[in-house]
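What follows is calculated from the coordinates using simple rules that are stated; it is not laboratory data. Keep in mind that this is a model prediction, so the values were computed, not measured. Neighbour counts are summed over all protein chains in view; Cβ atoms, including those assigned to glycine, are modelled from backbone coordinates with ideal geometry.
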Amino acid sequence: MLDLNDYITSIPDFPEKGVIFRDITPLWGDPKASAEATRRITHFAKMRDVNVVVGPESRGFLVGAPVANELGTGIVLARKPGKLPRETVSEKYTLEYGEAALEMHKDAIKPGEKVLITDDLLATGGTIAAAIKLVESLGGIVAGLAFMIELKDLNGREKLEGYDILSLMSY
């Protein structure tokens, strides 16, 4: 079986000294590795009978779109404020250095739909917790959360307790 870790490049001291940046772009640049990651997330979603995929801006789009395509479902974009043209719902969340927010179209999720939320990285969990609140505020059921990489030392999983989580790789 393909080891996806072989396609992650570790960059020391980026973006600042003491941080090891896990660069996922080599994985996306390799068709076999990218297809394998998509296959694994799609399998996770199928086991949960997912109706729709949600991807937070912007790397969540890259993870979610091929999964939605494989599932034969749509993808809902969770965007930064002011990027969506129709009526939206919004959820603020805290970052290390301030606040941010995500928005989704008010009609993007239908009540009772089973939703998979995808992103490239689970770090502190703030972005995904906001996406969960958006989905649930629209009546969606979060069937699972799927990530390419989980940074375990940032404890994001704690913020997402009670949800089924798939992390393809952990550091």
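Ordering S167, A78, A130 by Cα displacement along the dipole of the range 41-170 toward the positive end leaves A78 in first place; charges were set at the Cβ atoms of Lys, Arg (+1) and Asp, Glu (-1). Counting only DSSP beta bridges whose two residues both lie in the chain, roughly 40 percent are antiparallel.
Rounded to the nearest Å, what's the spacing between the alpha carbon centres of the range 115-171 and the range 20-34? Just the number, please. First find each Cα centre; the distance between them is then 20 Å.
Normalised by the number of residues in the chain, the mean separation of alpha-carbon contacts (under 8 Å, six or more apart) gives a relative contact order of 18 percent.
Total lysine pairs in the chain at Cα distances under 24 Å, for residues eight or more apart or on different chains: 28. In this simple spin-label approximation, I20 and L95 carry label points 7 Å from Cα along the Cα→Cβ vector, and these lie 2.5 nm apart. Rounded to 0.05, the FRET efficiency of the S10 and K106 pair, given R0 = 41 Å and the Cβ-Cβ distance, is 0.50.
Could you point to the label whose value was computed as percent of Cα pairs over 29 Å apart for the structure here, given (1) 16; (2) 39; (3) 36? Identified label for the calculated read-out: (1). Is the range 67-106 rounded, prolate or oblate when judged by the Cα gyration tensor, a ≥ b ≥ c being the square roots of its eigenvalues, rounded requiring a/c under 1.5 and prolate requiring a/b larger than b/c? Note, shape of the range 67-106 comes out oblate. Listing V135, V19 from fewest to most neighbouring C-beta atoms within 10 Å gives V19, V135. Take the Cα of E136, step 7 Å toward its Cβ, do the same at Y171, and the gap between the two points is 3.0 nm.
About the centre of its Cα atoms, the range 41-170 shows a dipole size close to 260 debye [charges on the beta carbon of Lys, Arg (+1) and Asp, Glu (-1) only; nearest 20 debye]. Put simply, the amide H of V54, placed in the peptide plane, has neighbours under 5 Å in V76, L116, I117, T118, leaving out anything fewer than 5 places away on its chain.
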